Amino acid sequence: MQCTLCDGQTVHFCVISSRDYYRCTMCDGVQLATQQRLSPEKEENRYTLHKNDINDTGYQKFVMPLVDAIKKKHSENDIGLDFGCGTGPVIAELLLTAGYDIEKYDPFFAQDYSVFEQTYDFIFCCEVIEHFYSPKQEFSLLHTLLKPEGKLYCKTNLFLPSIDFKNWWYKNDSTHVFFYSKDTIKYIKQAYNFSSVCIEKEFVVFEK
């Protein structure tokens, strides 16, 4: 199986509940077998079950480290994009309330392709990149949409050496198809010509 991020060769990693996972020998990403992904209809239905209510204080607390990081690095004059905003764009709404200019895009719930006609000072993907069926295409697009020195914020759970993948709760979501290690993040930085990357506890920040 060819890696959907780097086109490298993968090796069979494990089978869990009849789901086959492959690990890339080049970028170290772990991905679900392509033929075992959900259909677009089932994928969309699964997302409608997510409880990302913009008024949910618990979820607001969950995303607040990312919101605070954006506020610290960007002024209200900067333009941002919520890429993969889903059914409840909590971060976008919190930033809009704070006076920021935020555009929103989601392939299922906010199909506004006009957002691709401009560039952004910052883009955020909150619990999104693990859903990418074609991470190669998506990261290329995200890099293109950033202004020079723009920042891409990605909140996802990294697959760390200390994690037992077979017992890892994060892989149990049927829409999670690609998992990133720190080496995968470093590969993305180099392959897509980001000038730097910072791996924080809660998220990853790429700079163009």
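The values are calculated or read from the model by the stated rules, or taken from the named source; none is laboratory data. Worth saying up front: this structure is predicted, and the values here are computed from it rather than measured. Glycine gets a Cβ as well: all are built from the backbone with ideal geometry, and neighbour counts include every protein chain shown. Accessible surface areas use protein heavy atoms only, side chains included; no ligands, DNA or RNA. Shrake-Rupley method; radii C 1.70, N 1.55, O 1.52, S 1.80 Å.
Couple of notes before you dig in:
- For segment 160-208: accessible area per residue (Å², 1.4 Å): 53 Å²
- Mean Cα-pair separation over length for segment 24-144, i.e. relative contact order, pairs under 8 Å, 6 or more apart, %: 22 percent
- Bridge type composition, the chain - antiparallel percent by DSSP, nearest 5: 60 percent
- Ratio of Rg to Rh over the chain (Cα coordinates, Kirkwood Rh, two decimals): 0.95
- Using only alpha carbons, segment 9-99 has a radius of gyration to Kirkwood radius ratio (Rg to Rh) of 1.11.
- Heavy-atom accessible area for residue 140, with the other protein chains in place and a 1.4 Å probe, reaches approximately 50 Å².
- Largest-first principal axis extents, alpha carbons of segment 108-208, Å: 42, 31, 21
- Of the chymotrypsin sites (Phe, Trp or Tyr not before Pro) found in segment 57-114, none is in coil by DSSP with at most 12 other Cβ atoms within 10 Å of its Cβ.
- Estimated 222 nm signal from helices in the chain, with DSSP H stretches of n ≥ 4 weighted -39500 (n - 2.57), rounded to 500: -8000 deg cm²/dmol
- DSSP beta bridges fully contained in segment 7-120 are about 65 percent antiparallel.
- Net charge dipole, segment 98-137: roughly 160 debye, given to the nearest 20, about the Cα centre with Cβ charges of +1 for Lys and Arg and -1 for Asp and Glu.
- Phi to ³J(HN,Hα) by Karplus 6.51 cos²θ - 1.76 cosθ + 1.60 over segment 116-128, Hz, x for Gly, Pro: 7, 8, 9, 10, 10, 6, 8, 10, 10, 10, 9, 6, 10
- Each Lys and Arg contributes +1 and each Asp and Glu -1, all at the Cβ; summed about the Cα centre of segment 26-150, the dipole is approximately 320 debye.
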